[in-house]
1. For labels at E132 and A211 in the simple 7 Å Cα→Cβ model, what's the distance in nm?
2. Would you compute, for the Cα atoms of region 15-83, the largest minus smallest coordinate along each principal axis and list the three values in descending order, in whole Å?
3. Counting other Cβ atoms within 10 Å, keep those with at most 11, restrict to DSSP loop, and tell me which GluC sites (Glu not before Pro) in region 27-63 are left.
4. Taking region 190-239, how much of its Cα-Cα pair set, in percent, is spaced more than 13 angstrom apart?
5. Of F48, I19, H61, which is farthest along the charge dipole of region 15-83 in the positive direction, counting Lys and Arg as +1 and Asp and Glu as -1 at C-beta?
6. Do any trypsin sites (Lys or Arg not before Pro) in region 22-57 lie in a loop, going by DSSP, with at most 15 other beta-carbon atoms within 10 Å of their beta carbon, and if so which?
7. Quick check for me: using +1 on Lys/Arg Cβ and -1 on Asp/Glu Cβ, what's the dipole size of region 15-83 about its Cα centre, in debye to the nearest 20?
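Read-outs: derived from the displayed coordinates by stated rules, not from any lab. Predicted model, so just to flag it, every value in this text is computed and none were measured. Backbone-built Cβ (ideal geometry, glycine too); neighbour counts: all protein chains shown.
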Amino acid sequence: MVVADFNQIKRSEHLPARIAAQIGREISEGRIAPGDKLPTEHILSKTFGVSRSVVREAIAHLRNEGLVETRQGVGAFATDLERRQSIRIEQEDLTDRASFRRLFQLRLPLEIEAAGLAAMHHGPADLAKLDESMARMSGTEKWTDEGILADLVFHRQIAAATQNEYFLTVLGFVAERIHLAINAARAAAVLEEIVEVTIAEHTAIRDAIAARDPNGARLAMRAHLVGAASRIGLDLEVF
């Protein structure tokens, strides 16, 4: 297991993305070699000075970029070069408003279709995981970064519920970069109002999926994404 010279992350930064960027540089520049095991969640959380759930989300970033693979009960390992994805969107690129809007526009049709497919193909375990995410989003953690992470897990679980691994790979990659939108929306509005609206939108999506109503799930997801975009001042093209 490699222990790299990571720096603690400032609290004002987008924690999972910044942590993923630091670890990713260690991998890309060869200081963590292909096949090397990353430090445990416990060690990384102590090193960066963040919670283990934040580290877990950072590892998910890296996994969706193809930089690491995770093995159940064993840990995370740097991947071989030939297995890494060629598509990369650096978080810093999304500080440009036009680029961020284009990424959000890409998310729209993918997530709408994923919601419809999840309504058709989900199993009991998928619904249980959606409910678990909803409980975290609407519980005592809803005002914190943990609530934001639960939001991302909710969307990732919808992708998984399609039973099409490509949705999980692509949407996992895109949604994690849209994480900035959630932070921006919370910063630009009254927190209590934005959180309650978001929870209501997610509840509508969850209920339509549970009812195996693909059209209802698609409409609920569309309303959520258009609403989320409007809350950060993005005007999407919707047909």
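1. Those two pseudo-labels are separated by 2.6 nm.
2. Sorted from largest, the Cα extents of region 15-83 read 32, 25, 19 Å.
3. Details: sites: E29, E41, E57; in loops: E29.
Here the sparse-neighbourhood loop sites are E29.
4. Values: 706 of 1225 pairs.
Tail of the P(r) past 13 Å holds 58 percent of the pairs.
5. F48
6. Numbers: sites: R25, R31, K37, K46, R52, R56; in loops: R31.
Loop-located and lightly packed - R31.
7. Values: 10 positive and 9 negative charges, 56 e Å.
Dipole size: approximately 260 debye.
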